Amino acid sequence: MTKNTHEKFDVKIGRSKQLNQLLNILHVCAFAACWLNDMPKEYKWFLSSLVVVLWVFSDLFNRSSPYFLRYTANAGWELSLDGTDYMEILILDGTVLTHYAILLYFKTNKPLGKSILIVRDSVSADDYRRFIVRLKLSRQVVDR
């Protein structure tokens, strides 16, 4: 059996429910810690309101539109924020693959975030498996 490394691969990276639940739990713990310490009430109010504001911004950030990644043998890896306008990206050596998440580091010519956290439940199980295989075949990455 031969490897088909020329096959086109497309994946839509959506919102992760597991990551959202983890962030909610961490924010609840931080909020509780603000009130369970021995600081004066003014500090407790300030810190707890800061945690709530950060929680809201975290939730808004996680509701962002999905990313679209594709790989072709000719163009390599490409990223899109809207599903139509793709830009070429270079996957960097710092990219980490695990069973639960992929931390994808990349370089592009446009001023854009340089990393994406892809949690296992943000794509289908089959797409996640194929995505890891495609990353391993297209570039040497750290596998942990």
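The values are calculated or read from the model by the stated rules, or taken from the named source; none is laboratory data. Because the structure is predicted, anything quoted here is derived from the model rather than measured. Heads up, the Cβs are rebuilt from the backbone with ideal geometry, glycines too, and the neighbour counts pull from every protein chain shown.
Residues considered: N24, N37. Of these, the only one that is more than 29 Å from V119 (Cβ to Cβ) and at pLDDT below 95 is N37. Considering region 1-94, the qualifying strands (runs of 3 or more DSSP E), each wholly inside and each with 2 or more residues that are hydrophobic (A, V, I, L, M, F, W, C) and either within 17 Å of I132 (Cα to Cα) or not assigned by TED's automatic domain parsing to the domain that holds T108 (or both), run over 9-13, 67-72, 76-80. Candidates Y43, Y67, Y86: the one that is among the hydroxyl-bearing types (S, T, Y) and touching a residue at least 24 places away in the same chain (Cβ under 8 Å) is Y67. Taking the stated definitions as given, is G83 surrounded by 12 or more Cβ atoms within 10 Å (Cβ to Cβ) and on the phi > 0 side of the Ramachandran plot? When the stated conditions are applied, G83 passes them.
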